[in-house]
Protein chains: 2
Amino acid sequence: MTIDRPGPQGMNDTSASGENLLFLTDEQLRKGIEAMFFAYRGFTADPDRILSELAYGRAHHRALHFINRSPGLTVNTLLTVLGVTKQSLNRVLRTLIEDGLVESRVGRKDRRERQLYLTAKGGELERQLSEAQRARMRAAYRMAGPQAVAGFRQVLEAMMDEQIRAQYLSLKEVRI
Amino acid sequence: MTIDRPGPQGMNDTSASGENLLFLTDEQLRKGIEAMFFAYRGFTADPDRILSELAYGRAHHRALHFINRSPGLTVNTLLTVLGVTKQSLNRVLRTLIEDGLVESRVGRKDRRERQLYLTAKGGELERQLSEAQRARMRAAYRMAGPQAVAGFRQVLEAMMDEQIRAQYLSLKEVRI
DNA sequence: TTGGAAAGTCAACAAGACTGACATAAAATG
DNA sequence: CATTTTATGTCAGTCTTGTTGACTTTCCAA
C-alpha cells in the first residue's frame, strides 16, 4: 500500500519558524538522509575520476584543498581539520611531498612543527580538482537558486558536530 | 575580507531564476564544498559510533538501510543503488546473513535472484542506526526551518549524477 | 640539566573498495 | 534440446585509507 506523503509542496507555509512540523516525519527525514548519501557521491565523483588517473585518492585531494586554503598550516592543524590520525595523514603527505606537490618547511618559531605549502605543481593539481568540484557545485547552485542555496548552507551547518561547526564558522572569515 | 552572505531572510527576490549571481563566486563555492565535507562527517558520526562497537562498518549500515526501505530487493538492485561491486557487497552481506541480521530468499519469479529481507534482529539494529541519524537530521531541520530544508533538498538533488537523480526521484514514490 | 610533553615519522595491520577469473544455477533463445 | 545469457557467489590479489604502537626530535619547565 502506498503511503500518502505530505508532499514537498506542502511547505509553502505561512511561518518559517517551524510551526508546521509535518516535514519532520520519519519519511521526510529518510529522504533527506538518502539525498545526502546520493549527493555526496556526486559531490566527489568528478575529482575522484581525475585522482584515479594519478594513483591518488580522496585523502590527497582533501590535503591539497586545505593546504591551498591555509598555506603554512602545520601537520597537527591539518590532521585536526581532516579528523584523521597523524599516521594516516602522514602517508598521504609523504607521497605528495615525494611527488613534488607539497613542500614541508621546518616551523619558524617551533622547529618541531612542519609548515605545509603547495608547490606550483601542487597548486596546479589543486586547481584542476577544485575546479571540477566547483563546476558541479556551481551548476547545482544555479539550478536551485539563491534562496535554496541559503537553506542548503543553513541545514549543513546545523548538521555538523559542535566543535567542527565552530571551526568551520571561524574559517568563514579567513581570506584566501 | 569577510563575505556578506545573502542571508536566509534577505532573499525575497522577485525571480528565483538565479538573476543574482553574486553567490556564485569561487569563495562562496569553496564554502559550500567545505560545508558538504564537514556536514557529511557529522551525518555519519552517530551511526559510526554504534557500528564500531559491533565490528560493523558504514557499508553494513548502507545495506541495512536500503534493505529496510525496500524489503525483497535483489542483490543486483542493491549493488546498483549502493554503487559498489558485487564482490564488495557480497563480503558485507555474507557477514550480515551469518549474523542473522539479513535473510536471503530465492526469488519467486526468477529463482536465480536472491531477495533480501531484514530479520527481526536486523530490523532492530537498522532502527537503532537510523534513529541516531534521524535525530541529528531532525535537529538540523528544526534549527534551519522548513524553508531552508526545501532549499537543502533542492541543492542536493541538483548535485546528484543524472542517473542517480532519476533513481532517487523515482524512489520517492515507492511505498514502504 | 633532566624529564615530560608535543610534533612528526616509521612499521604493521584492518576495513572496504577494486579487478579478474571462475563456478553454478536458472532463464532465455535459437 | 542445445546454447547463450543472466544472477549470484567465491577466491585471489591489489589499493586507499583508516587504525595502534613504537620511536626520534624538539621544546619547555621543574
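Observations on the model:
- Residues located in segment B:50-72, provided they are within 14 Å of another protein chain (Cβ to nearest Cβ), open to solvent by less than 40 Å² (accessible area, probe 1.4 Å) and more than 9 Å from DNA strand C (Cβ to nearest atom): B:Leu64, B:His65, B:Phe66, B:Ile67, B:Arg69, B:Ser70
- If you go through segment A:83-137 and keep only what is among the hydrophobic types (A, V, I, L, M, F, W, C), away from DNA strand C (no atom under 12 Å from the Cβ) and open to solvent by less than 70 Å² (accessible area, probe 1.4 Å), you end up with A:Leu101, A:Leu118, A:Leu125, A:Leu129, A:Ala132, A:Ala135, A:Met137.
- Options B:Thr25, B:Thr44, B:Thr95, B:Thr80: the member that is within 24 Å of A:Asp46 (Cβ to Cβ) and either more than 12 Å from chain A (Cβ to nearest Cβ) or within 11 Å of DNA strand D (Cβ to nearest atom) (or both): B:Thr80
- Residue check for A:Ala39: without any contact (Cβ under 8 Å) to a residue 12 or more places away in the chain and open to solvent by 10 Å² or more (accessible area, probe 1.4 Å): no
- Whichever residue in segment B:108-136 is touching a residue at least 60 places away in the same chain (Cβ under 8 Å), within 11 Å of another protein chain (Cβ to nearest Cβ) and of a type outside the set (A, V, I, L, M, F, W, C) and, among such residues, is nearest to B:Leu96 (Cα to Cα): B:Ser130
- Any chance A:Ser170 is at pLDDT below 95, more than 7 Å from chain B (Cβ to nearest Cβ) and either loosely packed, with under 13 Cβ neighbours inside 10 Å or closer than 18 Å to A:Ile67 by Cβ (or both): yes
- Of all residues making up segment A:87-104, the number that are touching a Lys or Arg at 6+ places or on another chain (Cβ under 9 Å) and assigned to a helix (DSSP H, G or I): 2
- Check on B:Thr74, more than 24 Å from B:Pro47 (Cα to Cα), under 20 Å from the mean Cα position of the chain (by Cα) and within 14 Å of DNA strand D (Cβ to nearest atom): yes
The values are calculated or read from the model by the stated rules, or taken from the named source; none is laboratory data. Bear in mind that the values here come from a model prediction, so they are computed numbers and not experimental data. Note: ideal-geometry Cβ built from the backbone for every residue, glycine included; neighbour counts use all protein chains shown. All accessible areas refer to the heavy atoms of the entire protein, side chains included, with ligands and DNA or RNA removed. Shrake-Rupley method; radii C 1.70, N 1.55, O 1.52, S 1.80 Å.
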